[in-house]
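Structure, as structure tokens:
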Amino acid sequence: MARKPKTPVENKPAEDADAPSANGKMSAPEPKKKTATRAKKKKPSAARKPVTSARKLAASRSAEPTDDEIRIRAYFLAERRHQLSLPGDSAHDWIEARRQLIEEAGR
């Protein structure tokens, strides 16, 4: 079976970026070319869009803490109450945790 002759590219030895060149100095890798990108222009809007009721609803919900947030805060309030031997129960811890979270969200 006859073999195809090698092209000049195939005869060229593979260059290693970490290997020294013929004169013994390290060769630096070639810098990558930067591609031109176009900046997208925003279209100016004539009038501002009105705030939808969904946005208002989302804003009002953000002030209301979730049950998980209240549960975690109530846990730490109960731990502190037990460490200091203060009177109280889990219902009061829950109410206080909710109050604190609402107050923090309002600031």
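Laboratory data are not the source of any read-out in this text; all were calculated from the coordinates shown. Since we're looking at a predicted model, the values are computed, not measured. Here Cβ is always computed from backbone atoms with ideal geometry, including for glycine, and neighbour counts include all displayed protein chains.
Please compute the net charge surrounding residue 74, taking Lys and Arg as +1 and Asp and Glu as -1 over other residues with Cβ under 14 Å from its Cβ.
Here the charged neighbours net out to -1.
Quick one: length gained pulling residue 64 to residue 3 fully straight, 0.36 nm per residue minus the C-alpha distance?
Residue separation times 0.36 nm, minus the Cα-Cα distance, leaves 14.2 nm.
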